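A.B. asks: Handing you this structure, nothing more for now.
The values are calculated or read from the model by the stated rules, or taken from the named source; none is laboratory data. What you see is a predicted model, and the numbers here were worked out from it, not measured in a lab. For neighbour counting, all protein chains shown are included, and Cβ atoms are generated from backbone atoms with ideal geometry for every residue, glycine included. For accessibility, only protein heavy atoms count, side chains too; no ligands or nucleic acids. Shrake-Rupley method; radii C 1.70, N 1.55, O 1.52, S 1.80 Å.
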Amino acid sequence: MRDLFPEDWRPNLRRLFLGLDSRVDSGLFRSFAGLRESYERFSTFMDRFHVAGWRRWLVEFIGEGATLGTAGLIVMLALAIPAFRMTSDDDWLKKSELSVTFLDRYGNVIGQRGVRHNDSVPLDQMPDHLIKAVLATEDRRFYEHFGVDITGTFRALATNARAGGVVQGGSTLTQQLAKNLFLSNERTLDRKIKEAFLALWLESRLTKNEILKLYLDRAYMGGGAFGVDAAAQYYFNKSARDVDLAEAAMLAGLFKAPTKFSPNVNLPAARARANVVLDNLVDTGFMTEGQVFGARRHPATPVDRRDDHAPNYYLDYAFDDMKKLVETFPKSMTERVFVVRTALDMNLQRAADAAVENALRQFGDQYNAHQADAVLMDTDGSVRAMVGGRDYGASQFNRATDAMRQPGSSFKPYVYATALEHGLKPTSIVVDSPVCLGNWCPHNYGGGFRGAMPLITALTHSINTIAVKLSIIVGDGNAKLGRSRIIKTARDMGITTPLPDTPSLPIGADAVNLLEHVGAYATFPNLGMKIAPHAILEVRTGDGKVVWRYDRDGPKPKRVLPEHVALDMIKMMNSVVENGTGRRARLDGIAAAGKTGTTNMSRDAWFMGYTGNFVCGLWFGNDDYEPMNRMTGGALPAMAWHDIMTYAHQGIEIKPLPGIPAPPARPDMIASAKSKTAEAPPPRPRMLTRRGAEVLVRVEHMMDDAAKALGPLPTVASEVKREATLPGRGDALTDALEGRAFVRN
């Protein structure tokens, strides 16, 4: 140990630390001395640039400006990043070019949605007065600014300040295009900032003429038309190449508010707006007063579309579905033009429109009911007809898909199905008596209580207290747990709208939309299998290639209820139609099941029902939630449902409702129904059975595969048509090919 630690080790260690300390002190001294000398040299160097007097103020102003400018650039970059992220997809320009031609289930063209760039009118072929009218109204300095018009923005601010409101917009045409391509219509500061940066980005990527062309092709012009050419076709039955000055002024006036100034909705407002456009043409110097005088004296007159039976609500719904479907296609697919075969049956669509309109025309004033919607689908979920409102020209809002209304007692089947799943039976005895959850005590529609009764009777007569008691029973005494189980059942069957957990949920206080409601009801005739409502059956590219088929690529049915529960529900809901609140919906010789629904103060009235062939639901009410006059689901909704379903079952193979025998014919009921119908639709053509239709679809697919394998050959369809022209061969084959009256063997 002494060898390792000699006795004089402490003095040596002390000298070592003193040496290290001296070296650190010396290094720090030399470093600070060097820094001081460097600063003095820098100060001496900078003294050469010393300025005084006015030059000093100029230099300080420039320096401060550079500092603030750098900070501003950093802030602008931070704000621009979210906007530029929207342009990260290289396919941003093509995404908005989706163009879809829709066919009905038999292959007949029924309409088109989207923008068609491959055959749109080139900019140099558009009339000069149309382009001038757009620029004079939407962006007078379009060819002068860089995407954001600073001068125009300040002018709009000053004009609005003098007017005490928004009378002039500050957005340039490029900013409006950026909003149409990337953003929504929400009025927020964040959107305006993104809009400005995206406008700058567009100006750096596209020429002015390309921006103008995109704007003219992409803007929504009302009536389901996108772009000036589609709008010219819709409003004036002519190409944009051929519009005169008065028509061009009316079209240019639509960009600001296409629904408000639509000539099919409000012709006086459209003409007044067109007159403002003519004023703008004169103010900007694009035209003289003499040149616009004729257009003022003879304003444009649009084509009358009031009798246009195009299924616009259905087309909007199918187009929304198609846009979602395209997002699932592989990125490698660049095709943007499609031909889509839908499940629409135009005969059923007309019958549904007529039933709704007849009911409102005859009894709407009496009940103070002014709106309605309806959905009719096959039991496999393919939507045959859709009424989104009374008049598409007056309101493009699709109530069948977008309106959220309380279903009332039509929600009770979800409650009863949950109860049956938890061991109850249609014969289980329940008691109609007072029940309270906290401060809330439900009452029955007619008042009073009926005492003990079987479960089937409670549903037949739509007893509110029983539905609330069932929520307690299925929760094993815990109403909140019971309601969560009811919500799960509704979710499993297809209801995706929010269902807040409230004590009144079992009697239909939570809002749903009609399409989902009808789709969920289809679970019952499908014996517990959930289906997905859908409009699209098949998608082809513009050159005829099949890229998607519902039977191959769509969601498959999924079991969500035990079969015995579905059978019991069919039996109970059949009793509603035969013996209860839905008696006006009874069909002659056809078994039906369903449920009425009525909300507080008669704000909403529903009838939801099904047969072995179809599922159909209707809602009647008012858009502004104004109460109706004692309207119930068993009144107009059940009557209109009866009219639609009676027509739908003509000329087809009637499928039995599982577990329910077909009822006997009731001639007296038929006569009564006819006497109440103002305009009965013509008899429905006899149709193919579903099996026959499926066989024909499979044959069509086989012919497509054979055509691909053999190359360009005369099509089988053309050969059959040639055969159809031979003596004795014509009518049946021609009708089959053209999707007309299909004859069932």
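A.B. asks: Right, L206: open to solvent by less than 40 Å² (accessible area, probe 1.4 Å), without any contact (Cβ under 8 Å) to a residue 12 or more places away in the chain and within 17 Å of L123 (Cβ to Cβ) or not?
C.D. replies: Values: open to solvent by less than 40 Å² (accessible area, probe 1.4 Å): yes; without any contact (Cβ under 8 Å) to a residue 12 or more places away in the chain: yes; within 17 Å of L123 (Cβ to Cβ): yes.
When the stated conditions are applied, L206 passes them.
A.B. asks: Let me ask another. Taking only pairs six or more apart or across chains, which ones have beta-carbon atoms under 7 Å, a first residue in the stretch 541-562 that is under 23 Å from E421 (Cα atoms), and a second residue that is part of a loop (DSSP other than H, G, I, E, B) and of a type outside the set (G, A, S)?
C.D. replies: Partner pairs satisfying both residue conditions: P557/N526; P557/I531; V560/T523; L561/T523.
A.B. asks: Something else about it: Could you check the stretch 627-651 and list, in sequence order, the residues that are at pLDDT 95 or above and either charged (D, E, K, R) or touching an Asp or Glu at 6+ places or on another chain (Cβ under 8 Å) (or both)?
C.D. replies: D643, T646
A.B. asks: How many residues does the stretch 496-529 contain that are open to solvent by 10 Å² or more (accessible area, probe 1.4 Å), in contact with a helix residue (DSSP H, G or I) (Cβ under 6 Å, 6 or more places away or on another chain) and not in a loop (DSSP other than H, G, I, E, B)?
C.D. replies: So the answer is 2.
A.B. asks: Are any residues in the stretch 464-479 open to solvent by 10 Å² or more (accessible area, probe 1.4 Å) and either under 20 Å from P434 (Cβ atoms) or among the hydrophobic types (A, V, I, L, M, F, W, C) (or both), and if so, which ones? Walk me through it before giving the result.
C.D. replies: Here is the first cut: in the stretch 464-479, the residues open to solvent by 10 Å² or more (accessible area, probe 1.4 Å) are 464, 469, 472-473, 476-479.
Hits for the stretch 464-479 are N464, K469, I472, I473, G477, N478, A479.
A.B. asks: Could you check the stretch 530-556 and list, in sequence order, the residues that are aromatic (F, W, Y) and part of a strand (DSSP E or B)?
C.D. replies: Selection gives W548 alone.
A.B. asks: Here's something else I'd like to know. Does the stretch 296-304 contain any residue that is under 30 Å from G111 (Cα atoms), among the β-branched types (V, I, T) and open to solvent by 50 Å² or more (accessible area, probe 1.4 Å)?
C.D. replies: The answer is yes, given that some residue of the stretch 296-304 is under 30 Å from G111 (Cα atoms), among the β-branched types (V, I, T) and open to solvent by 50 Å² or more (accessible area, probe 1.4 Å).
A.B. asks: With respect to W619, determine if the residue is of a type in the set (A, V, I, L, M, F, W, C), part of a helix (DSSP H, G or I) and surrounded by 21 or more Cβ atoms within 10 Å (Cβ to Cβ).
C.D. replies: Judged against the criteria, W619 is not a match.
A.B. asks: Kindly provide the set of residues from the stretch 286-326 that are in a loop (DSSP other than H, G, I, E, B) and out of contact with any helix residue (DSSP H, G or I) (no Cβ under 9 Å at 6 or more places or on another chain), ordered by number. Give the steps one after another, and end with the answer.
C.D. replies: As a first pass, look at the stretch 286-326 and keep what is in a loop (DSSP other than H, G, I, E, B): 286-288, 298-311.
Answer for the stretch 286-326, where residues must be in a loop (DSSP other than H, G, I, E, B) and out of contact with any helix residue (DSSP H, G or I) (no Cβ under 9 Å at 6 or more places or on another chain): D304, R306, D307, D308, A310.
A.B. asks: Check every one of the strands (runs of 3 or more DSSP E) wholly within the stretch 357-456 and list those with 3 or more residues that are surrounded by 18 or more Cβ atoms within 10 Å (Cβ to Cβ) and touching a strand residue (DSSP E or B) at 6+ places or on another chain (Cβ under 7 Å).
C.D. replies: Working: elements: 371-378, 383-387, 429-432, 451-454.
The strands (runs of 3 or more DSSP E) meeting that bar are 371-378, 383-387.
A.B. asks: Right, N613: of a type in the set (S, T, N, Q), under 28 Å from V340 (Cβ atoms) and in contact (Cβ under 8 Å) with a residue 40 or more places away in the chain or not? Walk me through how you get there before you give the answer.
C.D. replies: On the way: of a type in the set (S, T, N, Q): yes; under 28 Å from V340 (Cβ atoms): yes; in contact (Cβ under 8 Å) with a residue 40 or more places away in the chain: yes.
Taking the combined requirement at face value, the residue satisfies it.
A.B. asks: Any residue that is out of contact with any Gly (no Cβ under 8 Å at 6 or more places or on another chain) and open to solvent by less than 10 Å² (accessible area, probe 1.4 Å) - is there at least one of those in the stretch 323-334? Outline the logic, then answer.
C.D. replies: Quick first cut of the stretch 323-334, residues out of contact with any Gly (no Cβ under 8 Å at 6 or more places or on another chain) only: 323-334.
So of that shortlist, the ones also open to solvent by less than 10 Å² (accessible area, probe 1.4 Å) come out as none.
No, there is no match, as no residue in the stretch 323-334 is out of contact with any Gly (no Cβ under 8 Å at 6 or more places or on another chain) and open to solvent by less than 10 Å² (accessible area, probe 1.4 Å).
A.B. asks: If I go through the stretch 220-250 residue by residue, how many of them are closer than 22 Å to P268 by Cβ and among the acidic types (D, E)?
C.D. replies: Residues that pass the stated criteria total 2.
A.B. asks: Which of the residues spanning the stretch 213-259 are open to solvent by 10 Å² or more (accessible area, probe 1.4 Å), of a type outside the set (A, V, I, L, M) and over 23 Å from the mean Cα position of the chain (by Cα)?
C.D. replies: Of everything in the stretch 213-259, those that are open to solvent by 10 Å² or more (accessible area, probe 1.4 Å), of a type outside the set (A, V, I, L, M) and over 23 Å from the mean Cα position of the chain (by Cα) turn out to be K213, D229, Q233, F236, N237, K238, S239, R241, D242, D244, E247.
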